[in-house]
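Trainee: Have a look at this one.
Every number here is computed from the coordinates shown, using simple stated rules; none is lab data. For clarity, every value in this text was computed on a predicted model and none was experimentally measured. All Cβ positions, glycine included, derive from the backbone under ideal geometry; neighbour counts span all protein chains shown.
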Amino acid sequence: MENQLIKVLTNLGLTDKEAKVYLACTEKGVAMVSEIAKSAKINRVTTYDILEKLKQKGLVKYSTQNKLKYFRSTNPEILLEEFEKRTNDLRGSLPKFKILTGEINHPRIRYFEGLEGIKTIYADTLSSNTDILNFSNSLEIRKQWPNYDKEYVEKRTKKKIFLKGICPQDKAGQIVKSEDKKYYREMRLVPQEQFNFTNEINIYDDKVAIISFKEELIGMIIECKEIAKSQRTIFNMCWEFAEITNHQNKLKTS
């Protein structure tokens, strides 16, 4: 079991000794360096140095009691998130590598099918360095992906990637808007009877992701600076229109 876990950890980028110390720390719960060193079968000085490196990576924490340091490991999910980030960073940089090698000199388009393919598109947005601009149908996406909020929205929130979205003013849209502050976003609702779009568009960095949830799950990512720029302009126009519409609805209600 231990050898298998060490292999998993080293595949994620830890050294053999870092993996052993991390496992020993996890097994001990809360422990001093000497206890962790004994369990990992590594000398105390080396173990302390490794714990400091793991601390810098966010994989261990420590507290001080009576001038003694007690270490504990963080949740293994931190490792998964770090690995996902590296994967997403590499995926997002692939077009740049291909441009350098002369493979492409035109907009890059990637196609995806099925729920797992759609999840890959959303994972790519988690590497965004800009706000995500979003046209969506809150009901349709959750029909196809019941764990959407937990598996994507919470991760985006944790990464502090802000989202500005426009969606139909139905029951699902109203629920989503009511949780804006919780999920680091701002949604604007438009009349469902006039603007009931069922697909989703995400604009981020130099990319535009288009996803269809009706009939079949398909999507694409278009990477092109000019296309993304134009889509941002269209979104901003719709964003202002949505604000005017909301204001008019409030006046009618009052």
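Trainee: How far is it, in nm, from the label point at residue 147 to the one at residue 116 when both lie 7 Å from their Cα along the line to the Cβ?
Mentor: According to this spin-label approximation, the distance is 1.4 nm.
Trainee: List the residues of the range 108-150 whose backbone N lies under 12 Å from a point placed 7 Å from the Cα of residue 216 along the Cα-to-Cβ direction.
Mentor: 112-114
Trainee: Only sites in a loop by DSSP and with at most 14 other Cβ atoms within 10 Å count here; which trypsin sites (Lys or Arg not before Pro) in the range 1-52 make the cut?
Mentor: 41
Trainee: Here's a follow-up. Roughly what angle does helix 2-11 make with the longest principal axis of the chain, taking Cα atoms, 0 to 90 degrees, to the nearest 10?
Mentor: Rounded to the nearest ten degrees, it is 50.
Trainee: Between the range 115-129 and the range 5-54, what's the alpha-carbon centroid distance in Å?
Mentor: 33 Å
Trainee: Hey, another quick one. Counting only helical runs of four or more DSSP H residues, what would the 222 nm mean residue ellipticity of the chain come to if each run contributes -39,500 (n - 2.57) and the total is spread over all its residues?
Mentor: Numbers: 10 runs with 129 residues, N = 254.
Only helices count here, giving -16000 deg cm²/dmol.
Trainee: Considering Cα pairs under 8 angstrom that are at least six residues apart, work out the relative contact order of the chain and quote it in whole percent.
Mentor: Taking the mean separation of contacting Cα pairs over the length of the chain, I get 15 percent.
Trainee: Report the calculated FRET efficiency for residue 34 and residue 11 (r = Cβ-Cβ distance, R0 = 30 Å), to the nearest 0.05.
Mentor: Computed FRET efficiency for residue 34 and residue 11 comes out at 0.55.
Trainee: Which residues does a label at residue 64 reach in the range 2-41, if reach means a backbone N under 18 Å from a point 7 Å past the Cα toward the Cβ?
Mentor: Zone members listed by number: 31-34.
Trainee: For 204, 183, what's the fewest-to-most ordering of other Cβ within 10 Å of each Cβ? Let's see the in-between values first.
Mentor: Working: 204 23, 183 14.
Starting with the residue having the fewest Cβ neighbours, the order is 183, 204.
Trainee: Using a 10 Å cut-off around each Cβ, can you sort 179, 193 from fewest to most neighbouring Cβ atoms?
Mentor: Going from least to most buried by this count: 193, 179.
Trainee: Ok, one more. Which entries in 85/207; 17/160; 38/150 show an alpha-carbon gap greater than 29 Å? Walk me through the numbers on the way to the answer.
Mentor: Values: 85/207 18 Å; 17/160 33 Å; 38/150 39 Å.
Beyond 29 Å: 17/160; 38/150.
Trainee: In nm, to one decimal, how far is the residue 81 label point from the residue 237 one, both placed 7 Å along Cα→Cβ?
Mentor: Roughly 3.9 nm, to one decimal.
Trainee: While we're looking at this one, here's another question. Using R₀ = 30 Å, calculate the FRET efficiency as 1/(1 + (r/R₀)^6) where r is the Cβ-Cβ separation of residue 196 and residue 164; round to 0.05.
Mentor: Here the calculated transfer efficiency is 0.90.
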